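Presented below is the structure to which this report refers.
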Amino acid sequence: MQFDAADLQRVFGETLGELSEAFDDAGISYMLIGGVAVGLHAQARATKDVDFSIMADDARARALVAALESAGWRAVIHGAPGPGAVIRFVRTGDDGIVRWVDVLCAGTSFEERALGRARERELFGRSIPVVSVEDLIIFKLIAGRPQDGVDVHNLLRDNADSLDQDYLNRSAEEWELRGALDRARASVAD
C-alpha cells in the first residue's frame with residue numbers, strides 16, 4: 001500500500017492531536033521528541049512514528065494506557081508503567097495506515113529538566129510542546145543508533161549559532177557523553 005504526502009501529513013496531524021488530548025485529559029506534562037522534533041529543529045527526515053516524553057507517575061501512566069486502549073490503540077509496555085517505562089501505542093486506522101507512537105516515561109532529572117525547557121510550537125494546526133534542540137541532542141546521543149548520529153550532526157550544523165553550549169556541555173557530562181558530543185562537533189566542523 002502506498003500513501004502520498006497529504007495522507008502522511010493527515011495521519012501525523014491526527015495522531016499528534018489525539019495523543020496530546022489524551023495527555024492533557026490525564027493531566028500529564030509532555031513534549032514531542034524524536035524524528036518529528038528533529039524536523040522542527042533541523043533538516044526534516046522521514047520517520048514512521050511519533051515520539052513523546054511524558055512526566056507520569058504509575059497511576060497516570062496506567063490511566064493513559066487505559067484511555068488509549070479504549071480508543072482502539074494497542075499498548076506494549078516495556079517496564080512497569082510510570083517513570084522509566086517505554087510504552088508503544090499502535091493502531092491501524094480506517095484508511096489502512098498504521099500509526100506508531102512511542103512514549104518515554106521520564107525517570108531521570110535530565111528528562112524532568114528537558115520537559116521544563118520544552119517550548120510550544122505550531123504543528124499540524126496544534127500547539128505542541130517540543131523538546132529544546134540542546135535536550136534533543138542529548139536524547140539522541142544517549143540513544144546512540146546510526147540515525148541518531150546523523151540527527152545529532154544535522155542538529156549541531158543547523159543550529160550552530162543559537163545553541164546554549166554551556167548547557168549542552170553540562171548535560172553531556174552528566175551522561176558521560178562529552179566525548180561523543182565533541183566528536184559530533186568535530187564532524188560538523190570538517
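Tabulated data for the structure shown
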{"quantity": "Pairs with Cβ under 8 Å, 6+ apart, first in the range 51-74 and not assigned by TED's automatic domain parsing to the domain that holds E21, second among the acidic types (D, E) and surrounded by fewer than 21 Cβ atoms within 10 Å (Cβ to Cβ)", "calculated": "none"}
{"quantity": "Residue in the range 51-75 that is nearest to G93 (Cα to Cα), counting only those that are outside any helix (DSSP H, G or I) and out of contact with any Phe, Trp or Tyr (no Cβ under 8 Å at 6 or more places or on another chain)", "calculated": "G72"}
{"quantity": "The range 118-130 residues that are within 17 Å of V11 (Cα to Cα), paired with ones that are basic (K, R) (beta carbon under 9 Å, 6 or more apart)", "calculated": "F124/R10; S127/R121; I128/R121"}
{"quantity": "Selection from the range 118-163 of residues that are loosely packed, with under 14 Cβ neighbours inside 10 Å and outside any helix (DSSP H, G or I)", "calculated": "R119, E120, E122, G125, R126, S127, G144, R145, A160, D161, S162"}
{"quantity": "Per-region count, the range 90-112, residues touching a residue at least 40 places away in the same chain (Cβ under 8 Å), on the phi < 0 side of the Ramachandran plot and not in a strand (DSSP E or B)", "calculated": "7"}
{"quantity": "Single residue of G96, G84, G107, G79 found to be within 17 Å of G13 (Cα to Cα) and modelled with pLDDT under 95", "calculated": "G96"}
{"quantity": "Which listed residue is in the same structural domain as F52 (by TED's automatic domain parsing), touching a helix residue (DSSP H, G or I) at 6+ places or on another chain (Cβ under 8 Å) and either under 25 Å from P81 (Cβ atoms) or among the charged types (D, E, K, R) (or both), from F110, F139", "calculated": "F110"}
{"quantity": "Flag for V50 being surrounded by 20 or more Cβ atoms within 10 Å (Cβ to Cβ), closer than 26 Å to Q147 by Cα, touching a helix residue (DSSP H, G or I) at 6+ places or on another chain (Cβ under 6 Å) and not acidic (D, E)", "calculated": "yes"}
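The values are calculated or read from the model by the stated rules, or taken from the named source; none is laboratory data. Note that this is a predicted model, so its numbers are computed, not measured. A quick note on method: Cβ atoms are made from the backbone with ideal geometry, for glycine too, and the neighbour counts reach across all protein chains shown.
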